[in-house]
Amino acid sequence: MTQTPVPPLRDAPALIERCFPVAKLSAESRKERISGAAQRLTGVGKWWGRKPLVLVRASILGALLPATDDPQKDIEVFERLLGIDDVSVHERSGLSTTKFTTSSSDERRKKAGLAEDYDGPTDWASWMMINDHLGTNAYSLTELIAQLGHLRFGGTPSVGDVFCGGGSIPFEAARLGCETISSDLNPVAGLLTWSNQALLCASPSDRKRIETAQQWMYEEADRQITEWGIEHDAQGRRADAYLWCTEVLDPETGYIVPLSTTWVISPKDRVVAELVPDHKGRRYDIHIISNATDEQMDRAKQGTVVDQHLVPPGTPDHPEPQRTLLSRLRARHRHGQGLRPWMVSEFGPAPDDFFQERLYCIRWVEEVQTGRKVKTIKRYEGVTEADLAREKTCEKLLLERLTDWQERGYLPKAALPVNDRQRNNLLAVRGWTHWHHLFTPRQLLVIGLLAELSEVSEAPRELLALTGKHTDRGTKLCLWSRVTDTPTNTFTTHVLAPVYNWSARGLKLFRSLSLPTSSLPAIPVNVELRDARTANAPCSLWITDPPYADAIPYEYLSEFFLAWYGQRLTKYFPEWYADPKQALALQGKDAAFHGAMIEVYSNLARLMSEGGLQIVMFTHRDVRLWADLGMIMWASGLRVSAAWTVATENTEGHRAGSGAVQSTVLLVLRKRGAVDMLFEDEILSLMEQEVAEQRASMQTLADAGLQWSDADLQLAAYAAALRVITSHDIDGIDPRQELLKVRPKGEVSPVHRLLEQAAQVASRELLPSGLNAAVWHVLSAHERFYLKALDAERRHRTHRGLYQELSKGLTANHWQELVYEKRGQEPRVFTATEFGGRGMQSGPLAGTLLRHVLMAVKLTTQTGEPAKGVDWLFKEVDQFDMQQTHALHLLEYLGRQTEPHWTADAANARVLRGALMNVGV
């Protein structure tokens, strides 16, 4: 029988296993992230943690391209194909040669278009260079992918993703000409992944049909809303935005107080709201002031809610009323029973409810003819009786259609999910019990009308995703953006969070949410809804972005969208379901989660083709979870061949807070095969050798022009250790048992301990400038983190992502306790004085020499007497005379700090060092 020849690259190392241009990819990924609506997939619909397309493309290309004996040429070809080398960035930027050559790399990239829009080289010379190096005969990316697939796998490469989420991986794989296998347990993810392809890779005829359907839907909605008369006033002006607030009764003054954290409406147009007391009605009129004076603008910045406290304006009887915690008032309501649950038939609060809802401002838009031009004039005005009558008309029109629309799936009728933590929050803080309670009657009427019209359009299936966009931008959870003067979206964070002051869109602003369309060439994508553990199709390259230990509660958030379009979803996708399958979702970070992840990746390892690879993208700031993922892969029959960290997440503007992540780790994996059994000491020896070889290899690439940060070097060392661990069996260690074992708080697994030892080995090479090497080698992980952070601050490289990556490499798991963070300022580590007495008895630095040295500096600064610091060191540090030399080196290093906030402590560190040197002289 004739044997099938082995593809020549089947067992050859892939480029991504040897080198990866993380600095340039990080810059391009962050550029893509902060571009907002300019991203291709963002316009299709909301998803959390969607990976940048340039990173997906780089992962696929990196897995197919071979690592040759000329790494410099490998990188040159790779960067040209991705469009991130200087030649391609010049082409993308549109700058003249003179301007380009005199600009910095940051300026060049800022001017350049997004790398996700780059479709490969277009010039003959580039393809000659690429083909000469690879031995191919391609003149487009899709041709090259096909040829590399045959060389590595013997046919067209297939890319699989069982956690497709927002669809980045299958979308980009199909664009490159790969066969795709995409699935997700979540139906919202399934719809978005399908919609990416249907909308952006539509045939010209389908694209025209979808665009025509959208235009008809909005025009018909405009005709109907105009006929109803709910957006126009008697002057013919049309409203495009409605500003609402909640109100509460202040028990001290007896006044009904409107709630808002600020009464500034538009800083750009100098529009504010002013509370004017109505002493007779014991409430406040709200006057809208345009062209406000500086004094009025400043006064409006003071809201009636400060740090979740009610801060009512003064009254004649109570000129300076007390601040009261709103949650306390809420809990006392109804004699301590809390808020009343709303009835299913209600669309607003009852008169005696704790929170009342009030429309207080409308923005009117008027088109004025000035010569040949039409000028748009926008005016913010207070609410009149006629305006309130129009709101009543909205409620009446809604009630007339409610039952029919709910039966047809145009409006939600379900109660908020039982035992849902978000439902409990919505009930506790607002009394809401059903999904429609999150919307005003006007919002329900307009979104329901748009859903009805989309259903009878020429593209009902393609416009399902549009309902998701409408609902995300049309709830009582949408804040008013004082930057863009438009309503925000519901999910500015990962929870459904009620607000005190919100905004609603008119049809004109809804119309700006149209779905994007294009006719990009791509292979068709088939999307399945299935549990990742049940995948059954073989694949040459699995790229997955798994759930991160409860980082984002996808199954809860999906309930919101499915309440609106779930019924219609199963109509157009009869093989799908409209249930987020919460019970089957991979979530948590305990033994059950680990067991489920092992099931998933053991199955994917079984489905890997010969010579196949897996790439796991993992975004989480917890170093221990990162190590656990390495163990999961080991227990699943996979070995780590490389790991890279790429800055992908932009944390600016996140309401999620300081816990938001910045970087994505890429683990590159192959099947383990037959392995040797080694003892722990043998593993440690091999890890040291592997770490040394890894650093030498990266230095060679650095000499060739590739940029590495300290965090890259540390993570590469971590990956080197994982390569050794996952390529062997270790006597006495079963990774599956270790993952499923329930551990007491603070106990770490033996594998985690090995990884920490590897990180310590690697971190010895990351000596901060000016610090004695002998001191560095004996420090703990958190001491190293602190001193390395000071080194970065001195070089003005302070941002949260830096600290996160340092913590990963140095295994400093509790680094947050050492960092001072304040909104609007760059994070930095505490100075000696700022530490005060914190962390002496407990914490990451407790008991260390560095912590005692910092305390001694603090005492010297506080008292002006260095003798106090010297006394502290000799009394509090065990056998200090044996550590005095190290303390002197630490004080010398601290005394070199030049940042303004270190001025006093650095000077006193130098004084203290002098005093300590003279002890006994």
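Below are the figures for this structure:
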{"item": "Lys pairs under 25 Å by Cα in the range 773-917, provided they are eight or more residues apart or on distinct chains", "result": "7"}
{"item": "Volume per residue of the C-alpha convex hull in the range 223-511, rounded to whole Å³", "result": "160"}
{"item": "Which of 162, 542, 429, positive extreme of dipole for the chain (C-beta unit charges)", "result": "429"}
{"item": "Kirkwood Rh (inverse of mean 1/r, distinct Cα pairs), the chain, angstrom", "result": "31.0"}
{"item": "Packing-based order for 598-611, 511-524, using average beta carbon neighbours within 10 Å, highest first", "result": "598-611, 511-524"}
{"item": "Assigned charges on the beta-carbon of Lys, Arg, Asp, Glu; the range 773-917 dipole about Cα centre (debye)", "result": "380"}
{"item": "Burial order of peptide ranges 168-175, 786-793, 877-884, 729-736 (average beta-carbon count within 10 Å, highest first)", "result": "168-175, 786-793, 729-736, 877-884"}
{"item": "Qualifying lysines (Cα of each under 18 Å from Cα of residue 413; at least 8 residues distant if same chain)", "result": "396, 476, 571"}
{"item": "Likely footprinting exposure, 554, 500, fewest C-beta neighbours within 10 Å first", "result": "500, 554"}
{"item": "Partners for residue 24 among lysines (Cα-Cα distance below 20 Å; same-chain residues under 8 apart left out)", "result": "51, 73, 110, 111"}
{"item": "Quarter of Cα convex hull surface for the range 773-917, i.e. mean projection, nm²", "result": "8.2"}
{"item": "Long-range amide H partners of residue 493 with built H, under 5 Å", "result": "none"}
{"item": "Order of 285, 353, 628 under a 10 Å beta carbon neighbour criterion, fewest first", "result": "285, 353, 628"}
{"item": "Net dipole in debye of the chain [+1 Lys, Arg Cβ; -1 Asp, Glu Cβ; about Cα centre; nearest 20]", "result": "1660"}
{"item": "Under 19 Å from the Cα of residue 268 - lysines, other chains or at least 8 residues apart", "result": "301, 375, 378"}
{"item": "MRE, 222 nm, helices only [DSSP H, n ≥ 4, -39500 (n - 2.57), over the chain, to nearest 500]", "result": "-14000 deg cm²/dmol"}
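The numbers here are math on the coordinates, done by the rules we state, and not lab data. Given the structure is predicted, the values throughout are model-derived calculations rather than measurements. Methodologically, a virtual Cβ is constructed for each residue, glycine included, from the backbone with ideal geometry; neighbour enumeration extends over all protein chains shown.
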